[in-house]
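Just below is one structure, and these are the notes that go with it.
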Amino acid sequence: MPPPDLPSILPPSEAVPDTTTTIEEIVAAEQNGKVTEPDQTPIYIYCFRLYPNYDRLMAHRKRDHNSDSNTDIITWNNDPTQS
């Protein structure tokens, strides 16, 4: 079966308002996560994938590429050579 043929720009539609969520539910949901600034959240990009830390990225490289090299890694707010 061929993939669906979608236009490059979908037509706009009106948003459906949330009429059931209570303030208490929103406050409770805020306790489940933490908003951080970019300088608090280093991200490593390699092989078109995001890795949450240097150790996970290097485990991928060792397992899938049999390499210990730390080159060709895109990151910010963290120096992979210091990890």
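The values are calculated or read from the model by the stated rules, or taken from the named source; none is laboratory data. Remember, it's a predicted structure, so these values are computed and weren't measured experimentally. Every residue, glycine as well, gets a Cβ built from its backbone with ideal geometry; the counts of neighbours run over all protein chains shown. Accessible surface areas use protein heavy atoms only, side chains included; no ligands, DNA or RNA. Shrake-Rupley method; radii C 1.70, N 1.55, O 1.52, S 1.80 Å.
Note down the magnitude of the dipole of the chain about its Cα centre, charges +1 on Lys and Arg C-beta and -1 on Asp and Glu C-beta and zero elsewhere, to the nearest 20 debye.
Numbers: 6 positive and 13 negative charges, 110 e Å.
With Lys and Arg at +1 and Asp and Glu at -1, about 520 debye.
Roughly speaking, to the nearest percent, how much of the chain's 1.4 Å accessible area is carbon and sulfur?
Numbers: 4180 of 7440 Å².
Exposed carbon and sulfur together represent 56 percent of the surface.
Kindly identify the range 1-77 as rounded, prolate or oblate by the Cα gyration tensor criterion: order the square roots of the eigenvalues as a ≥ b ≥ c, call it rounded if a/c is under 1.5, otherwise compare a/b with b/c, prolate if a/b is larger, else oblate.
On the way: a/c = 2.93, a/b = 1.42, b/c = 2.06.
Because a/c hits 1.5 or more and a/b fails to exceed b/c, the range 1-77 counts as oblate.
Which loop-located trypsin sites (Lys or Arg not before Pro) does the range 1-75 contain, where loop means any DSSP state but H, G, I, E or B and the Cβ has at most 12 other Cβ atoms within 10 Å?
Lys34
Loop only per DSSP, at most 16 neighbouring Cβ atoms within 10 Å: give me the chymotrypsin sites (Phe, Trp or Tyr not before Pro) in the range 2-78, ordered by residue number.
Values: sites: Tyr44, Tyr46, Phe48, Tyr54, Trp76; in loops: Phe48.
Hits after loop and neighbour filter: Phe48.
Compute the relative contact order of the chain as a whole-number percentage, counting only Cα pairs closer than 8 Å that sit 6 or more residues apart in sequence. List each step's numbers first, then the result.
Numbers: 44 pairs, mean separation 20.2, N = 83.
24 percent.
What value, in deg cm²/dmol to 500, does the helix sum -39500 (n - 2.57) over DSSP H runs of n ≥ 4 give at 222 nm once divided by the residues of the chain?
On the way: 2 runs with 20 residues, N = 83.
Calculated from helices alone, the mean residue ellipticity at 222 nm is -7000 deg cm²/dmol.
With a 1.4 Å probe and all protein chains left in place, how much accessible area per residue does the chain have, in Å²? Walk me through the numbers on the way to the answer.
Working: 7440 Å² over 83 residues.
About 90 Å² of surface per residue is accessible.
Nearest 10 degrees is fine. How inclined is helix 54-65 to the longest principal axis of the chain, computing both from alpha carbons?
Once rounded, one gets 70 degrees.
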